[in-house]
Structure formats: C-alpha cells, structure tokens
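Asker: Below are the structure tokens for one structure; questions will follow.
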Amino acid sequence: MNLSTDWVDCLQRAGHDALHWSAVGPADATDDRIIDWARGADRIVVTNDLDFGTLLAMSCAARPSVVELRTDTTLSARIGPLVVQALARAEADLLSGAILTIEADRLRLRALDFARKE
C-alpha cells in the first residue's frame, strides 16, 4: 500500500506478473497479513517499508522475497528502470528467497537461507 499503483504498469511492461495490494486486500492490512498472503501466493513484496524485511528476518522464513526501495523517490517514472534492472540481476535469488535492497548507487542482496540451515 505504500507504493503507487503506477508500479503495476511499470513492472508488467517489463514482463512481471505484478499487482498492487489494493487489488488483493484491505488498505488497513497488517504487514504480517501481507507477508502471509505473499508467501501463500508465491509472490515477491516490493515496498519502501523496512518493516517487511525485518519481519521476514525475525520469522526465519525463506519466503516471500522482499524488494526494498531505499531511494529519495519511489516514483516508478523516475526509478522504474533501476528497479527493473535490479530485478533482472537478482531474479534467481529472489525466486529462491532473498531480500533485495535497492539504493540509488548500490544494490544489496541477502539470501533468506534461515530455514535451509536447520
């Protein structure tokens, strides 16, 4: 809910099966509910809310992957190409379970291998 619905078009044009939470659930849904839905639907969460990555790390779950936008702007018209390129570079990791942090000048990728280590 914290990103514009414009992201759906941006990501769909790049070939991603994207949808906005507002098409799925209520605007007042908790982050936990969104995480649970994304896990069950095998989706990746794209957000600028850092709570998602924290919740995922605390749960020790390997899914869903989370893409965190840590840029001055979150407008798809401004950073859409950067995000699309980062998604392409990290695709295999995101499909396996990862947190991808996108900043204006760097990418950080952390595998969610908590469950695999047990």
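Asker: Restricting to the stretch 40-54, what's the tally of residues that are under 22 Å from Ala23 (Cβ atoms), under 14 Å from the mean Cα position of the chain (by Cα) and of a type outside the set (D, E, K, R)?
Answerer: To start, the set of residues in the stretch 40-54 that are under 22 Å from Ala23 (Cβ atoms) comprises 40-49, 51-52.
In the following step, the residues that additionally are under 14 Å from the mean Cα position of the chain (by Cα) were identified as 41-49, 51-52.
If we keep only those that are of a type outside the set (D, E, K, R) too, we end up with 41, 44-48, 52.
Here the count works out to 7.
Asker: Somewhere in the stretch 11-27, is a residue within 20 Å of Ala92 (Cβ to Cβ), of a type outside the set (Phe, Trp, Tyr) and loosely packed, with under 12 Cβ neighbours inside 10 Å?
Answerer: Here is the first cut: in the stretch 11-27, the residues within 20 Å of Ala92 (Cβ to Cβ) are 11, 14-18.
If we keep only those that are of a type outside the set (Phe, Trp, Tyr) as well, we get 11, 14-18.
Subset that is loosely packed, with under 12 Cβ neighbours inside 10 Å: 15, 17.
Looking through the stretch 11-27, at least one residue is within 20 Å of Ala92 (Cβ to Cβ), of a type outside the set (Phe, Trp, Tyr) and loosely packed, with under 12 Cβ neighbours inside 10 Å.
Asker: Given the criteria assigned to a helix (DSSP H, G or I) and either crowded, with 16+ Cβ neighbours inside 10 Å or of a type in the set (Gly, Ala, Ser) (or both), does Ala86 qualify?
Answerer: Details: assigned to a helix (DSSP H, G or I): yes; either crowded, with 16+ Cβ neighbours inside 10 Å or of a type in the set (Gly, Ala, Ser) (or both): yes.
Against the criterion (assigned to a helix (DSSP H, G or I) and either crowded, with 16+ Cβ neighbours inside 10 Å or of a type in the set (Gly, Ala, Ser) (or both)), Ala86 qualifies.
Asker: Separate question: Against the definition (modelled with pLDDT of 90 or more, loosely packed, with under 15 Cβ neighbours inside 10 Å, among the β-branched types (Val, Ile, Thr) and under 20 Å from Met1 (Cβ atoms)), how does Thr101 come out, yes or no? Before the answer, list the steps.
Answerer: Working: modelled with pLDDT of 90 or more: yes; loosely packed, with under 15 Cβ neighbours inside 10 Å: no; among the β-branched types (Val, Ile, Thr): yes; under 20 Å from Met1 (Cβ atoms): yes.
Spelling it out, it is not the case that Thr101 is modelled with pLDDT of 90 or more, loosely packed, with under 15 Cβ neighbours inside 10 Å, among the β-branched types (Val, Ile, Thr) and under 20 Å from Met1 (Cβ atoms).
Asker: Next question, about the same structure. Got a sec? Which helices (runs of 4 or more DSSP H) wholly within the stretch 5-63 have at least 1 residues that are basic (Lys, Arg), in contact (Cβ under 8 Å) with a residue 24 or more places away in the chain and over 26 Å from Pro81 (Cβ atoms)? Break it down into steps so the answer makes sense when it comes.
Answerer: Numbers: elements: 6-13, 31-41, 51-59.
Hits in the stretch 5-63: 31-41.
Asker: For the stretch 67-78, check the following and say yes or no: at least one residue is touching a residue at least 40 places away in the same chain (Cβ under 8 Å), within 13 Å of the chain's Cα centre (by Cα) and not in a loop (DSSP other than H, G, I, E, B).
Answerer: The answer is yes; a qualifying residue exists.
Asker: If Phe52 meets every condition in (1) closer than 19 Å to Asp113 by Cα; (2) of a type in the set (A, V, I, L, M, F, W, C); (3) touching a Gly at 6+ places or on another chain (Cβ under 9 Å) apart from one, which number is that one?
Answerer: The single condition Phe52 does not satisfy is (3).
The values are calculated or read from the model by the stated rules, or taken from the named source; none is laboratory data. Predicted, not measured: the structure shown is a model, and the values here were computed from it. Positions of Cβ are generated from backbone atoms using ideal geometry, with glycine treated the same way; all protein chains shown enter the neighbour counts.
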